[in-house]
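Worksheet: one structure, shown below.
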Amino acid sequence: MLKPAEFYQRDREWHPPALTPDYKTSVSRSPQYALISLQGSPSEITGPVFGQNDIDPVDNDLIKNYAQPGEGPIGERIILHGRVLDENGRPVPGTLVELWQANAGGRYRHKKDTYLAPIDLNFGGCGRTLTDENGYYYFRTVKPGAYPWRNWVNSWRPAHIHMSIFGSGFAQRLITQCYFEGDPLIHKCPIVNTIPDPDAIDQLIARLDMNATIPLDSIAYKFDIVLRGRRSTLFENRLEGN
Amino acid sequence: MPQELNYLKETPSQTAGPYVHIGLAPGAAGFDIYKQELGWDIAGPNAKGERIRVEGVVVDGTGSPVKDVLLEAWQANSEGVFAHPEDSRDVENGFRGWGRVITDFETGEWGFDTVKPGASPARGGTLAAPHINLWVVARGINVGLNTRLYFDDEPEANAKDAVLNLIEWEKRRATLIAKRSERDGKVLYRFDIKIQGEDETVFFDI
Ligand SMILES: [Fe+2]
């Protein structure tokens, strides 16, 4: 019997390190001891499973999912779409993708956000969907605005959408942020720059996708997400094997 | 040039930021949007085993509570079975084994209700001591932190657990052991997580 095996080791040099002093909050929230590396076991290679019963079809439409009837949020209408793949290039079907973002003025609907840009009465700012059998997902939303934050006196976040992805195992769990091609704030951002490798930063920048743009309606951006891949089911890689 | 391997690179992680609740627990951010939020009921109504509550606080390197943290829990049921297609055994109807936990914004205290997991399969045909896998994200945490919660009333199983034994420094193992007590007749485990500093919790690269 061939059993699925563990995930490829996470490339910790591709991800940001824990301690990134230019992103000040990380200084007191970064472990000082080394992480203990574990080989995969069922605790790591399994994870929660979600189905269509967990979500609502409108959940991926941020233009509609909090709007008053007949109204909609202010801002640039966009489609954000792409595929969830693993490191082997295989689609990850049926996985939960959740996102959250500021409104077009850069304000979050959160009781802790006090930025002076106004709340948009017709915009909640969160959505979720399951990838289809090809790993494909899409959202409709408005492009978020840049906003200031307390790091240096004059720090601004580039326009971004926060994304949360599950995969099939708890070891694939990932939260990241999607940026937009051409934004001059991207490379000035201390949070973006926690990532040491410029190619890894590029992987977080969604591209304008004219082919997916809906004429006279919405501009599209394409953002593919890659989760950790798994070893093939070769017997020498079996979880049980030793 | 030798052949290309053509693997893709994993999408790099970024901090969940201070407003993670909007996406993952909008009720906590202060608004209702979804018909149902996910992750508030870990065990479901039909789960067998002992009902427990787990409480704690996440503390930063200055000793202050981290008030904007979000945790996720992943565990087996009381018989050590994960609610996942790769575990060939069945779980009780409604048992998911996964939950989302947010803090009180004023105190940083968090808590969740579940059932105590059983010993679950580990590598090489062995059993892992009962444990709950935890994933911790917050502003200032660039890559989510993975840890495990074990139970102080399982000393024999803990002593044999391969993951606990992998931690070279015995005194650090204690950071993963939750302490049992009772409150109003209910079983309570306390599990504080120290991100940095003295008695720093053991975190895993899984
Ligand atoms: Fe943000």
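Details
- From B:A119, B:A128, residue being open to solvent by less than 20 Å² (accessible area, probe 1.4 Å) and modelled with pLDDT of 95 or more: B:A128
- For the range A:29-77, filtered to residues that are within 11 Å of another protein chain (Cβ to nearest Cβ) and acidic (D, E), the residue that is surrounded by the fewest Cβ atoms within 10 Å (Cβ to Cβ) is A:D56.
- Filtered residues of the range B:145-171 (kept if among the charged types (D, E, K, R), within 13 Å of chain A (Cβ to nearest Cβ), under 18 Å from the mean Cα position of the chain (by Cα) and within 27 Å of B:V66 (Cα to Cα)): B:R148
Yes/no matrix, rows are residues, columns are (1) out of contact with any Asp or Glu (no Cβ under 9 Å at 6 or more places or on another chain); (2) over 20 Å from B:P65 (Cβ atoms):
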residue: B:A174; (1), (2): no, yes
residue: B:F191; (1), (2): no, no
residue: B:K194; (1), (2): no, no
residue: B:F203; (1), (2): yes, no
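- The residues in the range B:21-63 that are in contact (Cβ under 8 Å) with a residue 12 or more places away in the chain and more than 7 Å from chain A (Cβ to nearest Cβ) can be counted, and the count is 25.
- Residue match in the range A:54-62 (condition: within 16 Å of the ligand (Cβ to nearest atom) and in a loop (DSSP other than H, G, I, E, B)): yes
- Of all the listed residues (B:T114, B:T107, B:T175), the sole one being under 22 Å from A:S37 (Cβ atoms) and either among the β-branched types (V, I, T) or within 11 Å of chain A (Cβ to nearest Cβ) (or both) is B:T175.
- Those residues of the range B:148-186 which are exposed (fewer than 12 other Cβ atoms within 10 Å of the Cβ) and of a type in the set (D, E, K, R), in sequence order: B:E156, B:E168, B:E170, B:K171, B:E182, B:R183, B:D184, B:K186
- Hits in the range B:80-102 (condition: basic (K, R) and open to solvent by 40 Å² or more (accessible area, probe 1.4 Å)): B:R89, B:R96
- Helices (runs of 4 or more DSSP H) within the range B:115-185 that include 1 or more residues of a type in the set (S, T, N, Q): B:155-160, B:162-166
- Yes/no for B:A16 being facing chain A (nearest Cβ under 9 Å), closer than 30 Å to A:Y33 by Cα and within 16 Å of the ligand (Cβ to nearest atom): yes
The values are calculated or read from the model by the stated rules, or taken from the named source; none is laboratory data. It should be emphasised that the depicted structure is a prediction, and the values quoted were computed from it without experimental measurement. Glycine gets a Cβ as well: all are built from the backbone with ideal geometry, and neighbour counts include every protein chain shown. Protein only, heavy atoms only, side chains kept; ligands, DNA and RNA dropped before computing areas. Shrake-Rupley method; radii C 1.70, N 1.55, O 1.52, S 1.80 Å.
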